[in-house]
Structures are given as C-alpha cells and as structure tokens.
Amino acid sequence: MLIGDGWAFIHIPKCGGTSVRAVLEGAEVADMMPMYPRNTARHRFHWLSKNRPEGKVFCFVRHPATWLRSYWLHRMRLGWLQDRYLDKLGSRNMNEFIRRVCIHEPGYVSEMYKAYTSAFDRVDVYRMEYGIDKVIRDTTGIKTPAPHENSGGELPPIDRSLLGLIAACEAWSLERFGYKEKI
C-alpha cells in the first residue's frame, strides 16, 4: 500500500501495480505498507485509519483470465516458487496452468480480490482495462503517465475451451467488477 496526500493505493499483485507504483513513488509518499493477503483485513484497516484517516483509497483489478495469464508469464520469467501454493500448480504450458488452477483452486482470483478490497469501507476499485493514467490523475492529481512495465504481447491465447471453466470458477469477480465481455 502506498499513501500520499489525500490518497492511498492498494497494490493487488498482477493488476498494474508496478506501473502505478512507478508514478506514485515519484510523488511525495507519506508511508508504505506491504500488502499481502496474509495481513488481516483488521490489520490493514487499522493501519490505514491510523496513517491516512481521510482521502481516497483505490486499487485496480483485471479480468481473472488475464490475471492468470499475467501470473503465468511472471512465473515463466522468474521461475516457479515451491513455497507458494499456486506455483505448485505451475506448468510450462499456460493453458495447462490455468486448467490446474481452475480445478485445484477454483475462485483463486476472486478470493484474492475479496481479501484486498473488502477490508475497507471506502475503497474505489477500477478495472485495469479502462487504463490507469486517468484514474491516477483523477484520484491523486499526479499527471505523470504510467509506464507499461509488462507486455501481454508475449502471451499465448487462452484455449476457448477454458473460458467457460474460468467463468464458472471466477463468477464472483466477473459479476462484482462488471466483466461481461469476452476475453
């Protein structure tokens, strides 16, 4: 979490946070707290209330299918870590990885999003697909464009046969954040 003058940004992994942080860390930042789902909602809320009782709290999410693709690419670049449960489902084949996650950890992305967004009464959640520059500018007043750190151009397409499985497993996120369009 990054906190500035009148705003707080919750960095959800693989949701544009590297780009957002590049902009926000260049601005005057009052404080920073690592945000991991293991930090309880009560802990995060208390920390946020103590450090920034006023202002906007915002974060980004992305479509669960593109989150899974991004996570796979990230792990293919850096290696799979056996101390992380999701990484134990890793595969050199992206579609096999997504299938394994849907079967062995259905709703993984939705549960992660809940952990990050439901702890605060006043968090504004934005979809990455709409772009992050305008949100940063409107929320923080910072006009610096966000760099695009990662490229999705390297990603193979998701097998069409998996789209229904993803939709069933991640129904909460799709409904909650208004994802009606196809990938």
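Could you grab the pairs with beta carbons closer than 7 Å, sequence gap of 6+ or different chains, first residue in segment 82-94 and closer than 24 Å to Leu163 by Cβ, second one crowded, with 18+ Cβ neighbours inside 10 Å and of a type in the set (A, V, I, L, M)?
Qualifying pairs under 7 Å: Leu86/Val101; Leu89/Val101.
Would a scan of segment 123-146 turn up a residue that is assigned to a helix (DSSP H, G or I), at pLDDT 95 or above and under 19 Å from the mean Cα position of the chain (by Cα)?
Applying the first criterion (assigned to a helix (DSSP H, G or I)) to segment 123-146 yields 128-130, 133-140.
When the remaining residues are screened for being at pLDDT 95 or above, the result is none.
Within segment 123-146 (the criterion being assigned to a helix (DSSP H, G or I), at pLDDT 95 or above and under 19 Å from the mean Cα position of the chain (by Cα)), the answer is no, since none of the residues qualifies.
Report every pair of residues separated by at least 6 positions or lying on different chains whose Cβ atoms are under 9 Å apart, first residue within segment 3-28 and within 17 Å of Tyr71 (Cα to Cα), second aromatic (Phe, Trp, Tyr) and in a strand (DSSP E or B).
Qualifying pairs under 9 Å: His11/Phe60; Ile12/Phe60; Cys15/Phe60; Gly16/Phe60; Gly17/Phe9; Gly17/Phe60.
Does Gly90 qualify as being within 26 Å of Asp138 (Cβ to Cβ) and either small (Gly, Ala, Ser) or modelled with pLDDT under 95 (or both)? So that I can check it myself, show each step before the final result.
Working: within 26 Å of Asp138 (Cβ to Cβ): no; either small (Gly, Ala, Ser) or modelled with pLDDT under 95 (or both): yes.
In short, no.
Could you tell me which of the residues Ala27, Ala41 is modelled with pLDDT of 60 or more and surrounded by fewer than 19 Cβ atoms within 10 Å (Cβ to Cβ)? Working first, answer last.
Values: Ala41 fails: modelled with pLDDT of 60 or more.
Being modelled with pLDDT of 60 or more and surrounded by fewer than 19 Cβ atoms within 10 Å (Cβ to Cβ) holds for just one of Ala27, Ala41, which is Ala27.
Just one of Thr144, Thr140 is surrounded by 15 or more Cβ atoms within 10 Å (Cβ to Cβ) and closer than 28 Å to Ile3 by Cα; which is it?
Numbers: Thr144 fails: surrounded by 15 or more Cβ atoms within 10 Å (Cβ to Cβ).
Within the list Thr144, Thr140, the selection yields Thr140.
What's the total number of residues in segment 102-112 that are farther than 16 Å from Lys14 by Cα and assigned to a helix (DSSP H, G or I)?
Here the count works out to 3.
Of everything in segment 52-101, what is in contact with a Lys or Arg (Cβ under 9 Å, 6 or more places away or on another chain), surrounded by fewer than 18 Cβ atoms within 10 Å (Cβ to Cβ) and either part of a strand (DSSP E or B) or among the aromatic types (Phe, Trp, Tyr) (or both)? Give them in sequence order.
Selection gives Lys56, Trp80.
With the structure loaded, tell me whether Leu162 is at pLDDT 85 or above, farther than 20 Å from Tyr113 by Cα, aliphatic (A, V, I, L, M) and assigned to a helix (DSSP H, G or I) or whether it fails that test.
Values: at pLDDT 85 or above: yes; farther than 20 Å from Tyr113 by Cα: yes; aliphatic (A, V, I, L, M): yes; assigned to a helix (DSSP H, G or I): yes.
The answer is yes for Leu162.
The values are calculated or read from the model by the stated rules, or taken from the named source; none is laboratory data. Because the structure is predicted, anything quoted here is derived from the model rather than measured. Neighbour counts run over all protein chains shown; Cβ positions are idealised from the backbone, glycine included.
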